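Single-structure report; data block below.
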Amino acid sequence: MAKTALVTGITGQDGAYLGKLLLEKGYRVVGGLRRSSVGAYTRLHELGIANDIEFAHLDLVELSNLMRSLERIKPDEIYNLAAQSFVGLSFEQPIYTADTDGLGVLRLLEALRQCAPTARFYQASTSEMFGKVQAVPQNERTPFHPRSPYGVAKLFAHWATVNYRESYGVHGTSGILFNHESPLRGREFVTRKITWSLAQLMVGRLDAVELGNLDAKRDWGYAGDYVAGMWLMLQQQQPDDYVLATGETRTIRAFVEAAARRLGLDIEWRGAGAHETGVDRQSGKTVVRVNPDYYRPAEVDLLIGDPTKAAVELGWKPKVGFDELVTLMVDADLKRARDNTNHV
Ligand code: G4F
């Protein structure tokens, strides 16, 4: 009989890619979504899977809803991808973020313990938990020091998953994923903001891109590779924690340069700090400006992951490299810009 997977956050980037992967593997996929989920089905339509998923109204703030849902769905595997996932917004909405990303996970674990105790559980943990990094590169043994309400909430959820594993024998696994991007990434995140905006600029619909801290460094991989890692984690006999990362890090500035290059622009940086601009050498046009409104009260300066454990124990390796990722994203956004489609 086909296995049933419940994917919370099915409408997000990772939910869409994971849903597709699980359908290809023959799973019955139940996608949990909030009534107010942003852009509800657009990503699922992009991947052509919207009609193959069963939807369940699910909200991590409502324990009774979670319990009834698990009793009804009877999942073999639960992938908890639902979250307020934008770090910037978590400074504006810290309590909501803690409720969904922290306590929400505890509610789901409680519901699982009582209503689906044999289901395997994947928690979407994050490299944001490393925050002010205590070691370079970061792996499963690196101490945490979160720098945002989002990171703090995710750390609570991470330890709740570990605790339910140790206390109640729940098959709970925590995937500590470094940044992973794609053409389906939300436009509020920096990579997609860059590719979307530069593409709009190319067709004359935008003047310049406004960004915050250009010096932060991130370890960026491709979301499609990372959801494959999530599935591998839940196929292990024993639950555990795993880092997924590429092992390479680049500045935001480097991402801008690479995306611009793909579009035939050659960026020269002028000025410094809040007055820095990115100018196209050929046209002399300013295409990037710094806007301090996008600075965060506390920043995560450097992330670079060590995915050795995932490579050795899961046989996981990222397939899409940085240049290919940038190309995928830029080309998709240039096509959208030319077609004037704003779906994702
Ligand atoms: O793209 P970001 O918003 O992603 P961030 O904060 O690293 O978080 C993402 O990755 C985490 C994994 O480590 C996930 F857990 C989380 O859910 C999310 O997917 O920002 C990346 C960097 C930051 O340092 C930010 O300050 O880009 C810098 N940045 C500079 N200008 C900007 C901007 N970020 C955004 N969103 N918008 C800007 O204009």
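At a glance:
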| quantity | calculated |
| --- | --- |
| Given (1) within 27 Å of Phe91 (Cβ to Cβ); (2) in contact (Cβ under 8 Å) with a residue 12 or more places away in the chain; (3) in contact with a helix residue (DSSP H, G or I) (Cβ under 8 Å, 6 or more places away or on another chain), index of the condition Ile267 fails | (1) |
| Number of the exception - Ala199 against (1) in contact (Cβ under 8 Å) with a residue 12 or more places away in the chain; (2) within 15 Å of the ligand (Cβ to nearest atom) | (2) |
| Residue satisfying all of: in segment 150-185; farther than 23 Å from Leu232 by Cβ and crowded, with 24+ Cβ neighbours inside 10 Å; farthest from the ligand (Cβ to nearest atom) among these | Ala153 |
| Top-ranked residue in segment 278-312 [being within 28 Å of the chain's Cα centre (by Cα) and of a type in the set (Ser, Thr, Tyr); ranked as nearest to Ala245 (Cα to Cα)] | Thr308 |
| Only one of Glu299, Glu313 that is touching a strand residue (DSSP E or B) at 6+ places or on another chain (Cβ under 9 Å) and modelled with pLDDT of 95 or more | Glu313 |
| Residue match in segment 236-243 (condition: touching a helix residue (DSSP H, G or I) at 6+ places or on another chain (Cβ under 6 Å) and more than 15 Å from the ligand (Cβ to nearest atom)) | yes |
| Residues being without any contact (Cβ under 8 Å) to a residue 60 or more places away in the chain, part of a helix (DSSP H, G or I) and more than 10 Å from the ligand (Cβ to nearest atom) - total across segment 85-107 | 14 |
| Cβ pairs under 8 Å, 6+ apart, first in segment 244-263 and over 29 Å from Trp231 (Cβ atoms), second of a type in the set (A, V, I, L, M) and part of a loop (DSSP other than H, G, I, E, B) | Thr251/Leu214; Thr251/Ala216; Ile252/Leu214; Ile252/Ala216; Arg253/Leu214; Val256/Leu214 |
| Strands (runs of 3 or more DSSP E) wholly inside segment 1-84 that include at least 3 residues being touching a residue at least 40 places away in the same chain (Cβ under 8 Å) | 4-8, 77-80 |
| Subset tally (residues that are out of contact with any Ser or Thr (no Cβ under 8 Å at 6 or more places or on another chain), under 18 Å from Thr251 (Cα atoms) and polar (S, T, N, Q)) for segment 143-192 | 2 |
| Among the candidates Gln123, Gln134, residue that is free of Cβ contacts under 8 Å to residues at least 60 places away in the same chain, surrounded by 24 or more Cβ atoms within 10 Å (Cβ to Cβ) and either part of a loop (DSSP other than H, G, I, E, B) or out of contact with any Pro (no Cβ under 8 Å at 6 or more places or on another chain) (or both) | Gln123 |
| Answer residue from segment 115-149, given it is aliphatic (A, V, I, L, M) and within 13 Å of the ligand (Cβ to nearest atom) and is nearest to Val61 (Cα to Cα) among those | Ala124 |
| All positions within segment 186-196 that are within 11 Å of the ligand (Cβ to nearest atom) and of a type in the set (A, V, I, L, M, F, W, C) | Phe189, Val190, Ile194 |
| When residues of segment 305-319 are limited to those that are touching a Gly at 6+ places or on another chain (Cβ under 7 Å) and either within 16 Å of the ligand (Cβ to nearest atom) or in a loop (DSSP other than H, G, I, E, B) (or both), the one nearest to Arg270 (Cα to Cα) | Gly305 |
| Filtered residues of segment 238-278 (kept if touching a His at 6+ places or on another chain (Cβ under 9 Å) and over 28 Å from Val136 (Cβ atoms)) | Gln238 |
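The values are calculated or read from the model by the stated rules, or taken from the named source; none is laboratory data. None of these values were measured; they are calculated from a predicted model. Heads up, the Cβs are rebuilt from the backbone with ideal geometry, glycines too, and the neighbour counts pull from every protein chain shown.
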